Each structure stands twice: as C-alpha cells, then as structure tokens.
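Just below is one structure, and these are the notes that go with it.
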Amino acid sequence: MPASVKGPTMQRLLAPVLVLLVAAVAAAAEPLRFGGYHTRLVTGADWEARCRSGAHADVVVRVADAGGDLVFWRGTGYLPEWRTPRGAWRLAEFVPRQGDGPPERPDRVNAYSNVAIVASTADEVTIRWRYLARFAPGNPHGDVRQENVVEETFVVSRAGTVERTVRRGTPRIDAWDDPAGWDVQRVRLHPDGIEETALPRPLVERQPTRVAGAPRLDFGAAAPAVWFRFDEGEGDTTHEERSGTAFEVHGHKSLWTPGISGAALALDGYHSAIVVPADRVPKLTGSLTVEGWVALGAYPWNWAPLVQHGDESGFFLGIDSHGYPGFGVRAGDRWELLSRPGKPPYADRLTLRRWYHLAGTYDAATGGMRLFVDGREVARGAAPAGGVARPPDDLRIGKAGILRKPTEGTHDNLPSEFGLDGLVDEVRVHAAALDGDAIARTAAVAGTTPPAVAAEALPPRALPRPDTGGRFGAVATRLRYHPTWDNLWRVGPQADVVVGFDRLPTTLVFWRGVSYIPMLVNDAHQWFTQEFNETGFTADAPGDCEPMSDKACRDSHVRIIERDGPRAVVHWRYRLINSEYHWANMDEHGWGDVADWHYHVYPDGVAVKVMRCYSSKPETWHEWNEQIAILGEGQHPEQVLGRTPVMTLVDGEGRATSYDWNPAPPKPDFRDKTIQLVHLTGTHKPFAIQRFDGGGMYLGETTWYSVFPTWNHWPTAQINSSGRNASFPDRAAHASISQLKWPVSRQQRGAVPFEEKILMEGLTDRPAAELLPLARSWLDPPPAVDVMGGTGGDYAAGRRAYVFDWRGEPLSFALEASARRPIRNLCFEVRNWPGPATAATLNVDGSDRAPGPAFRQAVRIAPDASWTLVVWLELSADEPRRFQISARDAATADRRP
C-alpha cells in the first residue's frame, strides 16, 4: 500500500501544460467549475508528433473548489495527475507497470491503456482506467493475459475528494469480484497538492454457496480404478473417490450445478479441466472401460475429451465437433479411434442440454473395442491385443493437453486451446472390459430416458437483450451472455455500451462478445453490423487484421463521449491485428494501424459514424465496410436474412431495385447508388446511406449449412481462427452479405497518416425509397444563410449538425430547404455558449417550440473546457425555414458529457 503523501513532496510537472489549462478556463464565458470532459492535451513532446489519437484521447476533471484539474493523459499512460497553478502532482502508482515504453509511459503508444468517463452528475464524476500492468515488447506483444489486467475507478467529488478502487487481474473470477482483494484509497485535492490516505479494504463476509445437486444414484458394487463423482458442489477442488485425493479444478471458475447424481461440474469449453498428474494415475495397462456422463452446451471445436490419458498415447473418451462420441486406445504401436461419424446435416448427433452416458471398452485378450451411448452399443472395432499403452502423461478430464486446430477451418485456422463446453458427472475408469449388460445397467440407473438439463444449469447462448429502460441515450453496463463465458472476463460493471431509444424498439450495442463491433439490434432481436476497418496479409501480420481477431478485447474498447438529451456520441478504438495479435504495419516508433471511430446517434434512430483509420501504409488494401448478420444460438441465417429479396438499392432519383439471393447471390450494380437496405426478417431493417461508387456480394465459402456464407470463429468464440464454417446454430455465428465502397472524405499524410470516411446508418420499418429525403438532407443539406447574432452555419456531415459560434442573442439564421435539399430532422451546435445554467429557447418561423421529445437540448463541455449548446429538432420541410435561438437562465440545463 503506498505511503500517505503530502502534495509539496510530489514531482512537479512542466509549466506549459498548466498555462494551456488556465487559459482554457479564462476563455470560457462562464468558467467550468466542476465536470469531466474528453480532450487532447498537447505539451510539444517529441512522441506527441507521432501520436495516433483523436480529439477525445485524454480526460480532465475540473475541480475548481479544490483549485485545479485532475488529468488523465497519454503522457503518463493515464496515471492521473493533479494540476493547479502552484504545481502538478502525480498520484501513486499502486500496481507497477512494465511494457515497451519509458518509465513514465510504460505502454509506449497506450495500446492497452485507456480511460473513460463512465458516470457523471452535478456532484460526482467517475473515471475508469484500464491497463496492462505488464507485457513484453515485440510484434506481437508478449505476456498479454487476463491476470495482467488492472482496472481502476476514481470517484471525484465537487469538494475535491477522490475515492480510488484498484482491481488487479486474477487467475480466477471469484478473486477479481471479491472486494476484499481490492485496494481502496482516498485522496484529498487542494491547491498545494494532494493528501493520500489508504483506506482499509472492505470486509465482506462471503458465505460459500453449496449446490445441493440431484439425488445420489447407486451405481452398484463395481470398484473402478478412477472415480470422480463431482459431488462437492462448492470450492475449487474435487476428490477422486478411490484414493480420496483432492485435485484442483482448473479454469476461471469452478461452477457447480445439479448433476445426474448429486452435483456436476460445468466446463467453460476453453480452460476448465481436472488434471491427475502422471505419477498419481493408477496403472492401467490391460483391459479397460472408460465411462462418464456428459451434457453439452455446444459442440466442441474438434475432438474434446470427457476423459483421457495422454494425447493419443494412452486412452480417450470424448466427442467430436459434430456431436458424435468416440473411444480411442493406443495398443501395440497403433492409435485406434472408434467412432460413428455422421454426414451433413448430422441429424443423429448428440442433442444439446441432455444427459448422455458414454462408455468405451477395450479387451486386452482380443483387442476388441466397443462404444456405447446410453447403454446401447453404437460401434465396435479392433485394436492390437495385449493391453493399453501407459504414457508418461497426466490423466485429464474435460480438456486435452495439447492444442488442436478447429475443424471446418477455411483460413488462418490455427491450433487453439479448447475443451468440452457443458456438464460432466460420474467419470469412471475400470481396469477391466465391462460387458454390455454392465454398461446398460449403469446407464439405466438414471432411468430409461436420461433427463434434460435445467435451463438454469446450462443456459442457452442467446445473444444479450440490451435495454435502456425506454429512455434515449447511451448507457454503460455489463451485458451478460451465459455463466461459463461471462467468467472468462476481468471487467467491471460498465464494460459495455448500449444506445437505446425512447420511441423505437431498436438499440445500438457495443459489446465485448462481438469485440465491441457496433451492432444494430432490431425489434426481432436480430443483430446486424456494417463492419469495420480491416487490412492484413503483410509480412509482419499475415492473415486478417481486424477487430474480429481481438476476441478477448485486449485493446478494443468503447467510451461514451455524450450520453443523452439531444444525442449520444460513442467512441470506439481498436488496433488492426490478426488472430495471433500481430499488429499490421507496425513501425519503429511502436505504432501500427489503428481505427478510431465516432458514432453520433440521434433520437430518430439514425447514426452517423466518422471512421478514421491511421496507417503508415494507407496506399495498401484496407476494407471499410461489410454487411454482416450476427446469429445467436438457435438462429439459422435463413431465419434472420431474407432471400427474396435480400437487398434493395436506391439511386439519387429514388429509383429502387431489389435483388434476390435464391439460391445464388445476386450481382447488383452498386455504382451511383445512395441507399442500401438489407432485408432482415424482422420489421426494422438496416440501411446505409452514402454516395456509393462500388461494392460487391460476399461470394464463396458457402457450405451445405446455408446459402449464405456462415462462420462461427466469431463472435464470442475464443479460438485462434479467422475462418471456421458453422455447421449448427449451437453457438454465436455470423453470415456475410455484401460490401460497399465510397470515396474518402478526408486524409492526411506525414508523421500521423490517416484516411477518413463517413457513413449514415440505422434501422427502419419503411421501404428503402422512402429514405431518399433523409439521404438528401444529409448528402445535400440546405445551406444556412442570413446568420445574425453569431457566426458559422457550416454543416458537419460527420456529426449531422450545423455548427455556429455564439456572439450575442438572439442567434438567427435560415435554412434554404427545397425538395432536392430537404430538412429531415436537425441538430444545431452552438459553440461558446454562455454557460451550463443558460438554456435555449427555439423559434421556428415565428413560432416557439416547447421542450419535449421533438425539441431536446443539452449544454456540453467542449474539449477546450468551453460550453457548447446542442439542440435536436424533429422537423421535415421542403421549403425554407427560419430559426432563432435565444438564451435564458435555466437551473435545469443539462451539462452532462
């Protein structure tokens, strides 16, 4: 725990930074006294000249009553500094940091370090800082693990107190979630520095919860050599019945559920395993029976063991990627695998969420092998006689000791860590080949038909159902998927972002499970994305370099810039990496390709995104768009995507053409089109608006499973793959449709090269051609003329807003609307607004507009600490309109970020 530190003893920082901050305060009409805001601080340091970050890279919390600013900026890797006119002091570093950068900024380019305002009121601002405490230089970086993640939160009060909580990455999720393991600190800010006081860690009595389980069954008098009953129902160990030895349950959490007899253990499909060290495994070198109970939550990525001794060097009982059991032994010098492989559509595979008794026998005298499911023989074969080989390996339940490639791979499909995803119970190994009657009696103990698994024990993997409570705005939350997957993550309660609407049954979702790739979610709970930046296939980063590859969200992150009121603004940032985390086009300064996107979302459900892609090699291939439907468990692509038609395109004159995917994909001409609408089967369908100059359908990689190319290496999957065909709707998956192309709207070369594109998107229940006025209002907005009481009037297409500067009141102007340049809902930004206690009145053509759903406003803190009024107005017009904005005192003015 750091020692208590008085301000004057701390390190002073450079004065030029303070001059910039003080100047910002002086310039404001009504100085900001308390609040957090996003900005980009500049000190003139050499590294800043190459920094690939935008206008919201840093966070400042102004605490005027305490005399300064609490600053989270890139130069310290976001370790906060308290700055006043008398000096600057850095808060203590609770967790030592080490990476590829200098001591003051260990993460050289802040690849893994980010900061966000996660909550804000008139009296408190909450900041979240996430970083890796330790990683190794290189491409890819080394030692990047969940155990090295640190998440700190700072609750800053108007009075100048800071409550700081530090959560360190842990091997197990229970330790991460246990407040007894958090560091807690109180900081008092004042003009002469800081006073730090360590607070005692919270004392939380955690009562262990034991799963009672099902009634215990009598499996007879047989005496197996190995027997795991899994009846503990709590804790992180399980006992082997014959020896009485307790063995660790490996993985992120030991999750106990009711079993076929007593309790059972839930396996997460990636890390969960029970390992008996080789020197503790009984001698099993003759005849053999291996048996156990299993209920699958999803089919394995390849062969996964219920139980095995060695990797194809002793014996194996498990399940393949299509849901068929198999039994293998090494006898003599040969590995023999007995199975009953199926063929598409694999109709006789094991069913999910149902208990099965699996058994395999090997007779050393004859070499005979038999495989049983629920006491019924399903396959037989032969291996060399003489006995089973005894390998110098561990006995493992639930997960192999080696990495295997997932099956159904298409490209960049690499050896991955995985195991069984489901429940296991009553695993036994006998040093004898039991006969068929004995196997049948064991299976019959659970009844003639083994029971289905309760939903609470093995929940379906449906995509989360985000909800903002019927309110418009962006909400930081933590979306749940299913327990074993949720336990893989070391995140806090504001890990994800959902933008909801007060008058629409739709949402815009940024969720870890999809690598924060933005998702349009419609009334039928169908998820859809317009995709992302992608590059790759380079010497330093072979394969697809895209956010899909960051399946653990090591660096992909999302932040709320503006929360609600007239609009929500969300920032999404990610590196372009492949599935092994090689960074595309990494240079000698530590920078590779980075995507930095901003979404401006309005109450009418329309979003405009500014997509900036930083790259040292912008002339090389970079993709900007692809239409993808995301599928949850139980969703087949043809249940979500329409085929007749699959898509409608509209040109600038309103001529609409629809295209069928039946059975082959269409070949539309995307040139000179303005609107694309994709026909999901729900009422609300996704659209995109721009001046498209090309595009194409996603061809190839289709299988028997669907007419649409469908893969399940993403989302939610944690395998090392960027291409695996789906065979079942047992996991989250995605299906691709088409790609759109349009010109770059802005570009920059030099030390910080980037290209930028903008796109309008949303969900609609209207025909595609009816979106033409909306498209025209954005692509050819009516000009602002006759501006009085202020200056400006330029249209910022990337924000869907007219921008003015306040010079007095009233601010008045006209918009020269027409049928070719119509008005379809408006946003006004008025910079240098008098202050947060000053609200606006709005007059349109001589008539005052009452505040409400059709006229919303908020006063935002701008990046320079001045005030900006943001107004949203629902209005449709094909002829000129005149507007007047006046200032009035209003204690209720909204000044939240």
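The values are calculated or read from the model by the stated rules, or taken from the named source; none is laboratory data. Keep in mind that this is a model prediction, so the values were computed, not measured. So basically every Cβ, Gly included, is an ideal-geometry build from the backbone, and we count neighbours across all protein chains shown. Keep in mind that these areas ignore ligands, DNA and RNA; they rest on the heavy atoms of the full protein, side chains included. Shrake-Rupley method; radii C 1.70, N 1.55, O 1.52, S 1.80 Å.
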Practice item. State whether one or more residues within the stretch 816-836 are open to solvent by 40 Å² or more (accessible area, probe 1.4 Å), among the charged types (D, E, K, R), touching a Ser or Thr at 6+ places or on another chain (Cβ under 9 Å) and within 24 Å of Glu30 (Cβ to Cβ). Key: yes
Study note, to complete from the structure: Here the residues within the stretch 837-884 that are assigned to a strand (DSSP E or B), open to solvent by 50 Å² or more (accessible area, probe 1.4 Å) and of a type outside the set (Val, Ile, Thr) are Ser847, Asp848, Arg849, Glu874, Ser876, Arg881, Arg882, Gln884
Point to revise | Qualifying residue in the stretch 401-416 (condition: of a type in the set (S, T, N, Q), modelled with pLDDT of 95 or more and open to solvent by less than 40 Å² (accessible area, probe 1.4 Å)) | key: yes
Exercise for review: Kindly indicate whether any position in the stretch 132-141 is open to solvent by 20 Å² or more (accessible area, probe 1.4 Å) and of a type in the set (Gly, Ala, Ser).
Suggested key: yes
Point to revise | Any hit, the stretch 485-496, residues being farther than 30 Å from Trp872 by Cα, open to solvent by 10 Å² or more (accessible area, probe 1.4 Å) and either assigned by the TED database to the domain that holds Gly386 or at pLDDT below 95 (or both) | key: no
**Study point:** Subset of the stretch 333-392 [within 23 Å of Asp421 (Cβ to Cβ), assigned to a strand (DSSP E or B) and not aliphatic (A, V, I, L, M)]
**Key:** Ser339, Arg354, Tyr356, His357, Gly360, Phe372
Revision key, fill the gap. Val226 passes all but one of the listed conditions (1) at pLDDT 90 or above; (2) closer than 30 Å to Leu434 by Cα; (3) open to solvent by 20 Å² or more (accessible area, probe 1.4 Å); the exception is number (3)
Check your understanding: Of the numbered conditions (1) open to solvent by 10 Å² or more (accessible area, probe 1.4 Å); (2) assigned to a strand (DSSP E or B); (3) not basic (Lys, Arg), His322 satisfies every one except a single condition; which is it?
Key -> (2)
Study note, to complete from the structure: When (1) part of a strand (DSSP E or B); (2) at pLDDT below 95 are applied to Val650, the one that fails is (2)
Review point. Just checking, how many residues over the stretch 80-94 are within 29 Å of the chain's Cα centre (by Cα) and open to solvent by less than 10 Å² (accessible area, probe 1.4 Å)?
Key: 1
Exercise for review: Looking at (1) in a loop (DSSP other than H, G, I, E, B); (2) of a type outside the set (Asp, Glu); (3) open to solvent by 20 Å² or more (accessible area, probe 1.4 Å), find the lone condition where His598 falls short.
Suggested key: (1)
Review point. Looking at the stretch 605-629, which of its residues are within 21 Å of the chain's Cα centre (by Cα) and open to solvent by 30 Å² or more (accessible area, probe 1.4 Å)?
Key: Arg612
Exercise for review: Scan the strands (runs of 3 or more DSSP E) fully inside the stretch 57-149 and keep the ones with 1 or more residues being more than 22 Å from Arg167 (Cα to Cα).
Suggested key: 58-63, 68-72, 81-84, 87-90
Exercise for review: Confirm whether Ser616 is in contact with a helix residue (DSSP H, G or I) (Cβ under 8 Å, 6 or more places away or on another chain), polar (S, T, N, Q) and in the same structural domain as Thr716 (by the TED database).
Suggested key: no
Check your understanding: Looking only at residues in the stretch 726-778 that are over 15 Å from Val650 (Cβ atoms) and hydroxyl-bearing (Ser, Thr, Tyr), which one is nearest to the chain's Cα centre (by Cα)?
Key -> Ser736
Study note, to complete from the structure: Residues of the stretch 549-584 being open to solvent by 10 Å² or more (accessible area, probe 1.4 Å), in a loop (DSSP other than H, G, I, E, B) and either among the aliphatic types (A, V, I, L, M) or closer than 22 Å to His411 by Cα (or both), in sequence order, are Lys551, Ala552, Cys553, Ser579, Glu580, Tyr581, His582
Check your understanding: Going by the structure shown, is Ala432 surrounded by fewer than 23 Cβ atoms within 10 Å (Cβ to Cβ) and either acidic (Asp, Glu) or over 16 Å from Ala266 (Cα atoms) (or both)?
Key -> yes
Check your understanding: Would it be correct to say that Asp107 is out of contact with any strand residue (DSSP E or B) (no Cβ under 6 Å at 6 or more places or on another chain), of a type in the set (Asp, Glu) and modelled with pLDDT of 95 or more?
Key -> yes
